[in-house]
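Novice: Can you keep this structure in mind? I'll have questions shortly.
The values are calculated or read from the model by the stated rules, or taken from the named source; none is laboratory data. Because the structure is predicted, anything quoted here is derived from the model rather than measured. Cβ placement follows ideal geometry from the backbone for every residue including glycine, while neighbour counts extend to all protein chains displayed.
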C-alpha cells in the first residue's frame, strides 16, 4: 500500500511548480484530480519544449501530469462553481499556483473553502508571496533566477550572469509545497485541523542558496567570485571544477593539491604545498593544461583507486548507456487513455525497499468528468 492512498487532492495549478508538487504526491499514492479550463486546459498543454509534440500536446505536460485525473469545468460560472464546491468539500488538499487574489475573486479563497471543508489543507505557490509591491510580478523561473542572485554562481568569472539550464526554481517551489502539504496532512491526521500552506518561488530560490548566502553574511559581505576558468562553486578552491581531457571531460571535487600533483605526475603543481583560496586560478590553469594530455579513462584509472573524488562527464546519450543508470530502472513506460505510450522517469523515493511506479500516463482534457461528477457531485 502506498503511504498516501485514500487522500484526495484537488489541484488547480498549471505550468510546472504546482503540478510538480502534486505529481510527487500522486507518486506516493494520493488521488490527484486536476482542475482545468474547458477547451484549452492547463496552459502547459501547449507549452512546447524543442517543438516536441507528444500525442498532440506538450512533452512538458505529459512529463509532469502523469498519474492524475482531469476534470474540465468553468468554475467562473456560478452554477459550475457550486458543483465544484461539492468536490472541494470532500478533498483532503486543495492547491493552486495562481497569483495572489485570483482564487479570492472567484470565491475559492482559503476562508471560503474552509467554510465547506473545515479541516482542508489549502496550499498555494506564488511568485513573490503577498508583498504588495511584488505580488503582481510574473512568477517565471528565469526571472526569479535573475532576481535572486542565482545567475552569478554558474559559469566562469568573465561569462556574465549564467542561468541554470532547467526550471530549477519551479521544481524547488514544488518540492517545498509538497513538504508543507505532507507536514499539514500529518497534523490533520493527528489533530483533525486544517492548514494554509504557502510557498513563494522567491523564497524557494533564497533557500536554495542558504549555504552561500550564509557565507556571504559572515564573510565580510564580499561577493562570491567565480574562478576565471573551470568554475563549479564560487566559494570552493581548486581543484573543484570540470576539466577537458584528450577525449572528453573530467570532474574533480575537493582534493589535496600535493597528492594530486603526485598522482597526476604534474611537476608544476608540486610547488603548491598549501591550497590557499587565492591561488585557485593559478592551480586550475596548471591542472587544465595537464589534464588535456591524456584521455578521461587514463586519469580515472589513477584517481579512483586513490579515492580521489572524480567522475567522467556524461551527456544524455552516454548516461543512458551506463550500467549504473540501467540497474536503477529509473525509466518507466506509461499509457494514456487512448493507448498512447511514452517513456518518462519514475519517483525517486524508496520506502520499505519499494519504489513507487504507475503505468498511468497524463490525462486527456476532461477525460474523468463523468466519473468525478457521478462520485462527488451528482
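Novice: Got at least one residue in region 202-215 being on the phi < 0 side of the Ramachandran plot, touching a strand residue (DSSP E or B) at 6+ places or on another chain (Cβ under 9 Å) and surrounded by 15 or more Cβ atoms within 10 Å (Cβ to Cβ)?
Specialist: Taking every residue of region 202-215 in turn, at least one turns out to be on the phi < 0 side of the Ramachandran plot, touching a strand residue (DSSP E or B) at 6+ places or on another chain (Cβ under 9 Å) and surrounded by 15 or more Cβ atoms within 10 Å (Cβ to Cβ).
Novice: If you don't mind, another one. What helices (runs of 4 or more DSSP H), lying completely within region 2-103, carry at least 3 residues that are surrounded by fewer than 22 Cβ atoms within 10 Å (Cβ to Cβ) and in contact with a strand residue (DSSP E or B) (Cβ under 6 Å, 6 or more places away or on another chain)?
Specialist: Ranges flagged: 59-64.
Novice: Does region 329-341 contain at least one residue that is surrounded by 13 or more Cβ atoms within 10 Å (Cβ to Cβ), at pLDDT below 95 and not in a strand (DSSP E or B)?
Specialist: Scanning region 329-341 turns up no residue that is surrounded by 13 or more Cβ atoms within 10 Å (Cβ to Cβ), at pLDDT below 95 and not in a strand (DSSP E or B).
Novice: Identify, from the list 154, 146, the residue that is buried (at least 18 other Cβ atoms within 10 Å of the Cβ) and under 26 Å from residue 63 (Cβ atoms).
Specialist: Matching residue, one of 154, 146: 154.
Novice: Scan region 288-306 and report the pairs whose first residue is within 8 Å of residue 250 (Cβ to Cβ) and whose second residue is part of a loop (DSSP other than H, G, I, E, B), with Cβ atoms within less than 7 Å and a gap of 6+ or a chain change.
Specialist: 291/245; 296/245; 296/247; 296/248; 299/245
Novice: Identify the residue in region 342-359 that is in contact with a helix residue (DSSP H, G or I) (Cβ under 9 Å, 6 or more places away or on another chain) and assigned to a strand (DSSP E or B) and, among all such residues, is farthest from residue 311 (Cα to Cα).
Specialist: The extreme case among them is 342.
Every residue, every condition in (1) more than 21 Å from residue 377 (Cα to Cα); (2) in contact with a helix residue (DSSP H, G or I) (Cβ under 6 Å, 6 or more places away or on another chain); (3) touching a residue at least 24 places away in the same chain (Cβ under 8 Å), yes or no:
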residue	(1), (2), (3)
50	yes, no, no
69	no, no, yes
82	no, no, no
89	no, yes, yes
101	yes, no, yes
105	yes, no, no
118	no, no, yes
126	yes, no, yes
134	yes, no, yes
